[in-house]
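Student: Please see the structure below; I have some questions.
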Amino acid sequence: MSSLFPDVPADERALLQFLYDRLAARFRFGAAKVRLSGRKLTGGEILYGRPHRITISSHLSASAREDTLRHEAAHAWAFEIEGARAGHGALFRRLAAHVGATPRNAPLTKALALHRRRNEVLYRCEGCARVFHRYRNVRGARYCVRCDRAGRPSRLRRVVSREP
């Protein structure tokens, strides 16, 4: 007697590919080739195309890899509806909930967390003294949105770069 479901794949990449294929069949969005990467600074990414290419860091835990795959699958689905401009907007968030992605920030690898700590740049608003954390330098003049909306535009000034 044969099984109704194919055997669960043995290796992690094949398991993620199997999960993506099931999600794509269930929700009717484009095919993708899933691969694991040894890169430590990226949790996951999708390159749109036919088929899409999804890359997930092998440095994440098994549950974080699955959640990242669901996140990238939601991007593939949003791409079918709105194209590449969908980003992380309202449509994407609704679709991500449908495919079971956890509504939170992307999982961090240890190397990415260290990289962010080393490269963090702090800015302080001259008006309200609120501190903003960024991972890249702000280009050009920037103003605090809160102060600007209150009718008193205030510039953001770089405070300090943090070292580990």
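Student: Might you check whether a residue that is in contact (Cβ under 8 Å) with a residue 60 or more places away in the chain and surrounded by 15 or more Cβ atoms within 10 Å (Cβ to Cβ) occurs anywhere in segment 14-28?
Tutor: Yes; the residues of segment 14-28 include at least one that is in contact (Cβ under 8 Å) with a residue 60 or more places away in the chain and surrounded by 15 or more Cβ atoms within 10 Å (Cβ to Cβ).
Student: Limited to segment 93-111, what total is found for residues that are closer than 15 Å to G44 by Cα, open to solvent by less than 20 Å² (accessible area, probe 1.4 Å) and out of contact with any Ser or Thr (no Cβ under 7 Å at 6 or more places or on another chain)?
Tutor: Of the residues in segment 93-111, 2 are closer than 15 Å to G44 by Cα, open to solvent by less than 20 Å² (accessible area, probe 1.4 Å) and out of contact with any Ser or Thr (no Cβ under 7 Å at 6 or more places or on another chain).
Student: Please work out if T68 is in contact with an Asp or Glu (Cβ under 6 Å, 6 or more places away or on another chain), open to solvent by less than 70 Å² (accessible area, probe 1.4 Å), polar (S, T, N, Q) and not in a loop (DSSP other than H, G, I, E, B).
Tutor: no
Student: Now for a different question. Out of R139, R117, which single residue is of a type in the set (K, R), loosely packed, with under 13 Cβ neighbours inside 10 Å and part of a loop (DSSP other than H, G, I, E, B)?
Tutor: R139 is the lone residue from the list that is of a type in the set (K, R), loosely packed, with under 13 Cβ neighbours inside 10 Å and part of a loop (DSSP other than H, G, I, E, B).
Student: Within segment 66-79, which residues are charged (D, E, K, R) and in contact with a helix residue (DSSP H, G or I) (Cβ under 9 Å, 6 or more places away or on another chain)?
Tutor: E66, R70, E72
Student: How many residues, within segment 123-136, are touching a Ser or Thr at 6+ places or on another chain (Cβ under 8 Å) and open to solvent by less than 60 Å² (accessible area, probe 1.4 Å)?
Tutor: Total meeting the criteria: 3.
Student: So, one more: Out of everything in segment 71-92 that is part of a helix (DSSP H, G or I), farther than 22 Å from K33 by Cβ and not charged (D, E, K, R), what residue ends up being most open to solvent (accessible area, probe 1.4 Å)?
Tutor: A90
Student: Check whether at least one residue in segment 98-115 is over 22 Å from L15 (Cα atoms) and β-branched (V, I, T), and report yes or no.
Tutor: No, because not a single residue in segment 98-115 is over 22 Å from L15 (Cα atoms) and β-branched (V, I, T).
The values are calculated or read from the model by the stated rules, or taken from the named source; none is laboratory data. Remember, it's a predicted structure, so these values are computed and weren't measured experimentally. Because the Cβ atoms are built from the backbone with ideal geometry, glycine has one as well, and the counts that use them run over all protein chains shown. All accessible areas refer to the heavy atoms of the entire protein, side chains included, with ligands and DNA or RNA removed. Shrake-Rupley method; radii C 1.70, N 1.55, O 1.52, S 1.80 Å.
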